[in-house]
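A short reminder: the numbers here are calculations on the coordinates, not readings from a lab. Since we're looking at a predicted model, the values are computed, not measured. Reconstructed Cβ throughout: ideal geometry from the backbone, glycine too, with neighbour counts over all protein chains shown.
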Amino acid sequence: ELKVEQNPLFLSMQEGKNYTIYCNYSTTSDRLYWYRQDPGKSLESLFVLLSNGAVKQEGRLMASLDTKARLSTLHITAAVHDLSATYFCAVEDEYEKLTFGTGTRLTIIP
Amino acid sequence: EPEVTQTPSHQVTQMGQEVILRCVPISNHLYFYWYRQILGQKVEFLVSFYNNEISEKSEIFDDQFSVERPDGSNFTLKIRSTKLEDSAMYFCASDRGYEQYFGPGTRLTVT
C-alpha cells in the first residue's frame with residue numbers, strides 16, 4: 001500500500017523568509033502532484049512532476065522530485081501573506097489513483 | 001478553460017437518507033474519480049471509473065456507495081443510506097491521461 005508522509009504538518013513563517021515542505025512516499029510512482037487548498041475550497045493544482053530530477057517553478061514556489069529517494073520538496077522563497085493555505089502532495093499509483101499526504105498548513109505572519 | 005463542475009455545492013440530509021452527488025467532468029476526459037475530505041483531514045480516494053466501469057475502489061467505498069455515468073456527460077456518486085460519518089467534502093476529478101482536474105466539491109452534511 002502506498003504511503004505518503006508530509007512534513008511539517010503546521011508551518012508558521014514570517015514574511016520574506018524561505019522554507020521547504022517535504023513529501024516522502026513509500027513505493028515507485030510515475031507522477032507526483034502538489035496542490036494548494038484554501039479553507040472550504042477545492043484543490044488548486046500547482047505542479048505535476050513526472051520524472052526524476054524534475055524541477056518546476058511558479059512565482060515564489062518551486063517543486064522538485066527525486067524518484068530514487070522517493071522525495072519531493074516544495075520550496076517557498078520570500079514568503080508573502082497570499083501564500084497562506086494548506087499544501088498537499090499527492091502520489092499517483094499504477095492504477096492512476098492519488099494518495100494524498102496529510103497536508104501542511106502554512107501561515108505567513110507579517 | 002474547461003473545468004469540472006459539481007452540484008449541489010452543499011447538501012444537508014438526514015441519517016438514513018439517500019443522496020446523489022453530481023459531477024460533469026471535462027468533456028474529452030476518459031478517467032473519472034471521486035475523493036472525499038473529512039473536515040480538517042487529508043483527501044481520500046473513493047473510486048475510479050473508466051470505460052463505464054469501476055477500475056478501482058477503496059475500503060471506504062462499500063456497498064452503500066455506487067457510481068454511474070448515466071448519459072455520457074454526468075458522473076454521479078450515490079450514497080444509499082447516509083451515516084453521520086459520511087459528512088465530508090466530496091470531490092470529483094477527471095483526467096485524460098496526463099493530470100487529474102478537481103471540481104469545486106460538494107459539502108455533504110448528515111444530521
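Somewhere in segment A:36-44, is a residue within 18 Å of B:GLN100 (Cβ to Cβ), outside any strand (DSSP E or B) and either polar (S, T, N, Q) or over 13 Å from the mean Cα position of the chain (by Cα) (or both)? Please lay out each step first, then the result.
Filtering segment A:36-44 for residues within 18 Å of B:GLN100 (Cβ to Cβ) gives A:36-37, A:41-44.
Going one step further and asking which of them are outside any strand (DSSP E or B), we end up with A:41-42.
Then keep just the ones that are either polar (S, T, N, Q) or over 13 Å from the mean Cα position of the chain (by Cα) (or both); that gives A:41-42.
Yes, segment A:36-44 contains a residue that is within 18 Å of B:GLN100 (Cβ to Cβ), outside any strand (DSSP E or B) and either polar (S, T, N, Q) or over 13 Å from the mean Cα position of the chain (by Cα) (or both).
Kindly indicate the residue of segment B:58-73 that is touching a Lys or Arg at 6+ places or on another chain (Cβ under 9 Å) and either buried (at least 20 other Cβ atoms within 10 Å of the Cβ) or over 18 Å from B:GLU18 (Cα atoms) (or both) and also farthest from the other protein chains (Cβ to nearest Cβ) among those meeting that condition. Only one residue tops the list, namely B:VAL67. May I ask you to verify whether A:THR67 is under 10 Å from the mean Cα position of the chain (by Cα) and among the β-branched types (Val, Ile, Thr)? In short, no. When every residue of segment B:16-32 is checked against the conditions, none turns out to be surrounded by fewer than 19 Cβ atoms within 10 Å (Cβ to Cβ), out of contact with any strand residue (DSSP E or B) (no Cβ under 9 Å at 6 or more places or on another chain), within 14 Å of chain A (Cβ to nearest Cβ) and not aromatic (Phe, Trp, Tyr). The set of residues in segment A:23-53 being buried (at least 16 other Cβ atoms within 10 Å of the Cβ) and either more than 14 Å from every other protein chain (Cβ to nearest Cβ) or touching a Ser or Thr at 6+ places or on another chain (Cβ under 7 Å) (or both) consists of A:CYS23, A:ASN24, A:LEU32, A:TYR33, A:TYR35, A:GLN37, A:LEU49.
Checking the conditions here, which among A:THR107, A:THR99, A:THR28, A:THR86 is under 28 Å from B:PHE61 (Cα atoms), over 12 Å from the mean Cα position of the chain (by Cα) and part of a strand (DSSP E or B)? None of the other options fit; the residue is A:THR99. The set of residues in segment B:74-111 that are assigned to a loop (DSSP other than H, G, I, E, B), without any contact (Cβ under 8 Å) to a residue 60 or more places away in the chain, within 28 Å of B:ASN28 (Cβ to Cβ) and more than 8 Å from chain A (Cβ to nearest Cβ) contains only B:ASN74.
Do you know which residues across segment B:64-98 are of a type outside the set (Gly, Ala, Ser) and farther than 24 Å from A:ASP93 by Cα?
B:GLN64, B:PRO70, B:ASP71, B:ASN74, B:LYS78, B:ILE79, B:ARG80, B:THR82, B:LYS83, B:LEU84, B:GLU85, B:ASP86, listed by residue number.
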